[in-house]
Amino acid sequence: MAAAVASSPVRAELVAALDDWAALPVADSVCERILGVLRRDCILGVLRLADPGPWLDIFRTPAARANAATVWWLARFADPDGLHPATLTALAVVMQARGLDPTELLLRAQFAHPNEFLIPFQLGLWHHFREEYDAAIAQLTAARVTRPENQAILTNLGAALHAKGDVDGAIEAFREATRLNPNDSEMLNTLARVRAVGPDGMRDGKEAVKLATRACELTGWKNPGCIDTLAAAYAEAGGFDKAVEYQKKAADLAAGNKELEADIRSRIGLYERKKPYRDPRYTRRELAPPREVKR
């Protein structure tokens, strides 16, 4: 496999994609975690053979990635001009996993690769994680300039806008993301929920029912969160009997998760009293414009 990668006409892109893949977190369950670690270590082994180098060999050694001091050293001596953007963002992900701040590395990478969307995208995710929403929005907006049709950018931009309280901006981003991928159940559910339980001027019960129904269909009517959203959508549209029916179904599906089941059941009485649900997390707030990205 290493020979095939090394001789590929798209070797640089393939190596970068594998670096990116090897940085992804592994699953939580024991069996899947073991398999995930084995796959990751196999990929790193292929990369060491296909694309060798003193710094790269250390970066692609599992034991080095597990050591925070070594990861810090890798970031300190990384050469952004000589590394692919995907390798740099993969290092940033490894840094985060070791409790290190990748901001300085990513800013150096951004200076070296000003037209690469991966770097502002990763910076946006990092700022969102730190609840620095203005910075997250600015970086994700910069990433969108070079990749306007990228659904992941729009999804995360919408999440950052929503976290900041810009519901209008979040809906616009989520709507564009669903246009790009109309079969993304999570995104359909997110947009349906804003339309069902959001602030005045943002709610549209009929559209929410349509979006949430599609999300339920895509998840085989087995996802209690999607069905909970459908119940809220019917309540907003005035269909309270349907709202009660679907809310009870969602609660039954959530059995086994006491906290989730209790949260879902808490709205059954509200719908029985023919009152729609309003989620306080979607309250509008006064907003300052996002800061511009300085290059």
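What are the residues in the stretch 68-94 that are in contact (Cβ under 8 Å) with a residue 24 or more places away in the chain and either among the polar types (S, T, N, Q) or touching an Asp or Glu at 6+ places or on another chain (Cβ under 8 Å) (or both), if any?
A75, H84, P85, A86, T87, T89, A90
Among the residues of the stretch 126-158, which ones are surrounded by 21 or more Cβ atoms within 10 Å (Cβ to Cβ), aliphatic (A, V, I, L, M) and under 14 Å from the mean Cα position of the chain (by Cα)?
A136, I137, L140, I153, L154, L157, listed by residue number.
Look through E259, E186, E217, E236 and report the one residue that is of a type in the set (D, E, K, R) and closer than 30 Å to A138 by Cβ.
E186
So which residues in the stretch 11-61 are modelled with pLDDT of 90 or more, exposed (fewer than 13 other Cβ atoms within 10 Å of the Cβ) and assigned to a helix (DSSP H, G or I)?
Within the stretch 11-61, C42, P54 qualify.
Among what's in the stretch 73-86 and is surrounded by 15 or more Cβ atoms within 10 Å (Cβ to Cβ) and at pLDDT 95 or above, pick the residue that is nearest to L105 (Cα to Cα).
Residue satisfying both the conditions and the ranking: A75.
Residues that are at pLDDT 95 or above, surrounded by 18 or more Cβ atoms within 10 Å (Cβ to Cβ) and of a type in the set (G, A, S): find the helices (runs of 4 or more DSSP H) completely inside the stretch 210-295 holding 3 or more of those.
Those helices (runs of 4 or more DSSP H) span 224-236, 240-253.
Having 2 or more residues that are β-branched (V, I, T) and without any contact (Cβ under 8 Å) to a residue 40 or more places away in the chain is the bar; report the helices (runs of 4 or more DSSP H) wholly within the stretch 101-156 that clear it.
Because the criterion is at least 2 residues that are β-branched (V, I, T) and without any contact (Cβ under 8 Å) to a residue 40 or more places away in the chain, the helices (runs of 4 or more DSSP H) in the stretch 101-156 that meet it are 133-146.
The values are calculated or read from the model by the stated rules, or taken from the named source; none is laboratory data. The structure presented is a predicted model; accordingly, all values stated were derived computationally and were not measured. Glycine also receives a Cβ, built like all others from the backbone with ideal geometry; neighbour counts cover every protein chain displayed.
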